[in-house]
């Protein structure tokens, strides 16, 4: 009965153990593999953060050494396999790879690939398969994550445990059969105590501390379980220690920056924390083939030095260190005593009592760095767990070494660059053209007198310091970089120094980055301060030119007043050669014109101030006495030596010319009459006398422009001279006659009033009825006259002239051959108009005019389709002058054509700049004045501006008015056709306000009709405006022309125009006229 019960009990125990083996095996495998998986995942993260591209595949492959890992994949969020144990799986869909697996396994693996199950173990039903996963980092720019999925197989572990359980059952059963009674007695006596010990020992099972001793001895099943627990405890503690050691080594690789210190720390960790007897590093030298011992821990490195190895020496090919680097595989020797062909290093290790060794290659991204050597007195110390861990640790160490070397190289390079830049006094800069961000070193700021900390923002706004004359040079240099073949530029430019002066800077730069369209996005370069060099060069040139080529006579004397050197101008003025003058005193030139006291005062002033200048009369070699302007400068040298520099010019001709210039400055060269200046002085002198009564008459020849244009300017000049003669005959000697401008004459009648002046004008008009006979022509001229009287209209000369001019303008506006007397009712109107005209002329010279651009948009979708260039005037005192104020003045004064030329040139250049800066390639419209259109060179001028600016003809639109069309129809048709043939667009501005002939309109080469804003504005009220607009649009469509409505200010206007079929629009509803920068900020693509 006891035997049966014993056997039954053993059988039950066997069945229970067998029933638990599956779950226990799967739990153990899941736990062990989870730890390995977690460690590998963290290494993959580290590789990705370091930017190591192929690290993931190597670390995934490292899982293959674990027999419990059946398969492993890295799967991204789209289900695509990025890496796998099997290269054939890479790039495939993860779901398709699982199709051949059982449903339970397929479901578990699919769930594990979901990020929410990271770190969990999923059992595939009753199968031995286990699905585990960890989320890993696969990219940092941009940040990308994937799932590391592992399929673990608990089958081999389950089989082993089942086998062991069966063996124990048979052994125990045999013992029971032989010793049933004895065992029954012994078990009865000892079972309870031993079980308690085993339970207590199991409670102490942990990763740390000393190996677990259960205290249970014997050969029964309980003792076997106790031994299994003790072995498992030892294995767990060994793995925990291994993981801790590897983790500390990896952290050291990331923390330490010095390569030697890193090697020493890693070896220390392996020996002290890992418990291995010896650890060492052999480093590959820069020659690429010599391995030299770098670090050894565990033994005295001086007394126990391993021999160097040569990767290229066939004699060293079998050495484990060489073989590891050649093959890239870890070399394991778990029993050195049993090696068939031990190397010298193995023999050396054996002499030190070492029984096992391993050599791990340190290779990163194909670069061989060296080997890591580990050895221990215990044989078979280096198992599979160790190999997996040390392989990962070696990868971390290799990455750390590479990273530190690169950081050190970068630091060394940066230090060398900084030293070189400082030595060369170079300022470095980097400019992001898209954002305007500018970074520069301290020297860059110092060149401009700025503080790099206080004035950091000055780098971003550095273009504001650019000299206006150098801005086009910089723009052209930047524009050339748009060509991908051009990567560098070089330019000398001036930047405003903080102290106010201009600093000459030599800028050299290159393109670092281009945008998707190939345009430069980031530039970098250096600045060299050339200010002092420029000054020095200028001084050298001045010194050389001043002496050799100066028009001034120069002589240099020593401290005793003896001539040392003279220039060519000295020889030319004085008549003495250099050979005749050198060695003699300057007194050789004295004429005796100045006395001794004069020269004594001169030398006293030189002694006190170091310089004297004044007029001196000297004598040439020929004996001729001449005046000169002489400057003498004392020059003191180091050591007390003194020289005197004499500079002089012959002012003989100047004195003669001065009198002649004075005469010419007061006389009109064509007629010989006094000019405006002389006339003004006469009037002022007369007004200052005792009899201030005075009449001032201004005359203007009616239609004199036609004389010039039809007969030529030479004939016009002859007419002016003949007219001057008749005027002189009429007015006689008692008055002062002058020519004050092109076709205007003035006369001052002392003591005359309005009646006397009218009588004189009537007499003059009567005399002019007699024709002028010139060039075979008989010309009858008419004069318009303006009269101002003193003291009625003023007692100052300038005021009288301005008043007479105002009266003359009134006379011209009322008709020909009229006399108008100045009216004081609006005393400032004419003065303001004349002032504005004068300032406008100066504005053209001073470049005060500038262009703004009003966007033109498509009514259908609001996209930008064009720009209209509009002129503006930035007055230095008044600010921006409204165009309605100065355009009429420009038209009256004949300046509108010059303004039109400026706008044509500026608009072409601006369009090229804005298109290069990112503005959509839309055409720019330019208004053309009548004077421009009628010029014979208008077409060549347009083509020249297009060529010089680089603007495509299709991107220029010429706007003309209806009245300009009808003034000379045939010429206009020919001109517009020529423009269209060359690709230039043509539009009629303010269409509907003139008197176009439909017959001619169909023959004109046009692209667009612009509907006047008055019609657009009248659309809001009942009336004929809508009908007119509708008719214009229908006419344009029939002629296949585009229509654009001007002055669109309200949404309802735009909607109505869109309904009527209008193509495009412009106006304040869309945008006001904008400057270039504002236009780019809003419409750049």
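Among what's in the stretch 476-520 and is within 20 Å of residue 458 (Cα to Cα) and within 15 Å of the chain's Cα centre (by Cα), pick the residue that is surrounded by the most Cβ atoms within 10 Å (Cβ to Cβ).
Once the filter is applied, the top-ranked residue is 509.
Which residue out of 1080, 1044, 1057 is within 23 Å of residue 926 (Cβ to Cβ), at pLDDT 90 or above and in contact with a strand residue (DSSP E or B) (Cβ under 8 Å, 6 or more places away or on another chain)?
On the way: 1080 fails: in contact with a strand residue (DSSP E or B) (Cβ under 8 Å, 6 or more places away or on another chain); 1057 fails: within 23 Å of residue 926 (Cβ to Cβ).
Within the list 1080, 1044, 1057, the selection yields 1044.
Do the conditions hold for residue 854, that is, is it under 30 Å from residue 918 (Cβ atoms) and either modelled with pLDDT under 85 or touching a strand residue (DSSP E or B) at 6+ places or on another chain (Cβ under 9 Å) (or both)?
Yes.
Hey, among 868, 848, which residue is closer than 19 Å to residue 956 by Cα and touching a strand residue (DSSP E or B) at 6+ places or on another chain (Cβ under 6 Å)?
Of the residues listed, the single one that is closer than 19 Å to residue 956 by Cα and touching a strand residue (DSSP E or B) at 6+ places or on another chain (Cβ under 6 Å) is 868.
Having 1 or more residues that are touching a helix residue (DSSP H, G or I) at 6+ places or on another chain (Cβ under 6 Å) and at pLDDT below 80 is the bar; report the helices (runs of 4 or more DSSP H) wholly within the stretch 656-758 that clear it.
Working: elements: 676-687, 704-711, 713-731.
In the stretch 656-758, the matching helices (runs of 4 or more DSSP H) lie at 704-711.
Which of the residues spanning the stretch 73-88 are over 19 Å from residue 144 (Cβ atoms) and touching a strand residue (DSSP E or B) at 6+ places or on another chain (Cβ under 8 Å)?
Selection gives 85, 86.
Confirm whether residue 244 is in a helix (DSSP H, G or I), within 18 Å of residue 36 (Cα to Cα) and modelled with pLDDT of 70 or more. Steps first, answer last, please.
Numbers: in a helix (DSSP H, G or I): yes; within 18 Å of residue 36 (Cα to Cα): yes; modelled with pLDDT of 70 or more: yes.
It is true that residue 244 is in a helix (DSSP H, G or I), within 18 Å of residue 36 (Cα to Cα) and modelled with pLDDT of 70 or more.
Taking the stretch 470-485 on its own, how many of its residues are part of a loop (DSSP other than H, G, I, E, B) and either without any contact (Cβ under 8 Å) to a residue 12 or more places away in the chain or outside the structural domain of residue 524 (by TED's automatic domain parsing) (or both)? Show your work before the answer.
Here is the first cut: in the stretch 470-485, the ones part of a loop (DSSP other than H, G, I, E, B) are 470, 481-485.
Imposing the further condition that a residue be either without any contact (Cβ under 8 Å) to a residue 12 or more places away in the chain or outside the structural domain of residue 524 (by TED's automatic domain parsing) (or both) reduces the set to 483, 485.
Matching residues across the stretch 470-485 total 2.
What about residue 623, is it within 30 Å of residue 555 (Cα to Cα), modelled with pLDDT of 85 or more, in the same structural domain as residue 561 (by TED's automatic domain parsing) and part of a loop (DSSP other than H, G, I, E, B)?
Judged against the criteria, residue 623 is a match.
Taking the stated definitions as given, is residue 462 within 30 Å of residue 910 (Cα to Cα) and either at pLDDT below 90 or assigned by TED's automatic domain parsing to the domain that holds residue 525 (or both)?
Judged against the criteria, residue 462 is a match.
List the pairs whose first member sits in the stretch 542-562 and is without any contact (Cβ under 8 Å) to a residue 24 or more places away in the chain and in the same structural domain as residue 632 (by TED's automatic domain parsing), whose second member is surrounded by fewer than 12 Cβ atoms within 10 Å (Cβ to Cβ) and part of a loop (DSSP other than H, G, I, E, B), and whose Cβ atoms are under 9 Å apart, counting only residues at least 6 apart or on separate chains?
Going by the 9 Å Cβ cut-off, the qualifying pairs are 562/583.
Quick check on this structure: which one of 789, 764 is within 22 Å of residue 691 (Cβ to Cβ) and in contact (Cβ under 8 Å) with a residue 12 or more places away in the chain?
Selected residue: 789, the only one of 789, 764 that is within 22 Å of residue 691 (Cβ to Cβ) and in contact (Cβ under 8 Å) with a residue 12 or more places away in the chain.
Scanning the stretch 762-807 for residues that are more than 60 Å from the chain's Cα centre (by Cα) and assigned to a helix (DSSP H, G or I), which turns out farthest from residue 819 (Cα to Cα)?
Filtering the stretch 762-807 for residues that are more than 60 Å from the chain's Cα centre (by Cα) and assigned to a helix (DSSP H, G or I), the one farthest from residue 819 (Cα to Cα) comes out as 767.
Take residue 573 and tell me if it is assigned to a helix (DSSP H, G or I), farther than 15 Å from residue 645 by Cβ and in contact with a strand residue (DSSP E or B) (Cβ under 6 Å, 6 or more places away or on another chain).
It is true that residue 573 is assigned to a helix (DSSP H, G or I), farther than 15 Å from residue 645 by Cβ and in contact with a strand residue (DSSP E or B) (Cβ under 6 Å, 6 or more places away or on another chain).
Yes or no: residue 402 touching a helix residue (DSSP H, G or I) at 6+ places or on another chain (Cβ under 8 Å) and modelled with pLDDT under 85?
Values: touching a helix residue (DSSP H, G or I) at 6+ places or on another chain (Cβ under 8 Å): no; modelled with pLDDT under 85: yes.
For residue 402, the condition - touching a helix residue (DSSP H, G or I) at 6+ places or on another chain (Cβ under 8 Å) and modelled with pLDDT under 85 - is not met.
Quick test for you: out of 759, 755, 695, 729, pick the one residue that is more than 60 Å from the chain's Cα centre (by Cα) and touching a residue at least 40 places away in the same chain (Cβ under 8 Å). Even if it seems obvious, please write down each step before you answer.
Values: 759 fails: touching a residue at least 40 places away in the same chain (Cβ under 8 Å); 755 fails: touching a residue at least 40 places away in the same chain (Cβ under 8 Å); 729 fails: touching a residue at least 40 places away in the same chain (Cβ under 8 Å).
None of the other options fit; the residue is 695.
Determine if the stretch 1048-1070 includes at least one residue that is part of a strand (DSSP E or B) and assigned by TED's automatic domain parsing to the domain that holds residue 940.
Yes.
Enumerate the strands (runs of 3 or more DSSP E) found wholly within the stretch 841-923, keeping only those where 1 or more residues are closer than 22 Å to residue 948 by Cβ and more than 27 Å from the chain's Cα centre (by Cα).
849-858, 864-875
Out of (1) closer than 25 Å to residue 954 by Cα; (2) at pLDDT 85 or above; (3) in a loop (DSSP other than H, G, I, E, B), what's the single condition that is false for residue 986?
Just one mismatch for residue 986, condition (3).
Any chance you could count how many residues in the stretch 1032-1047 are surrounded by 19 or more Cβ atoms within 10 Å (Cβ to Cβ) and assigned to a helix (DSSP H, G or I)?
3
Return a yes/no flag: does the stretch 898-911 have any residue that is surrounded by 15 or more Cβ atoms within 10 Å (Cβ to Cβ), in contact with a helix residue (DSSP H, G or I) (Cβ under 8 Å, 6 or more places away or on another chain) and more than 30 Å from residue 478 (Cβ to Cβ).
yes
Give me the residue from the stretch 636-654 that is surrounded by 12 or more Cβ atoms within 10 Å (Cβ to Cβ) and in a helix (DSSP H, G or I) and, out of that set, modelled with the lowest pLDDT. Walk me through it before giving the result.
As a first pass, look at the stretch 636-654 and keep what is surrounded by 12 or more Cβ atoms within 10 Å (Cβ to Cβ): 642-652, 654.
With in a helix (DSSP H, G or I) added as a condition, the list becomes 652, 654.
Numbers: 652: 81, 654: 70.
Filtering first and then ranking leaves 654.
The values are calculated or read from the model by the stated rules, or taken from the named source; none is laboratory data. Bear in mind the structure is a predicted one, so any value in this text is a computation, not a measurement. As a convention, Cβ positions derive from the backbone with ideal geometry for all residues, glycine included, and neighbour counts pool all protein chains shown.
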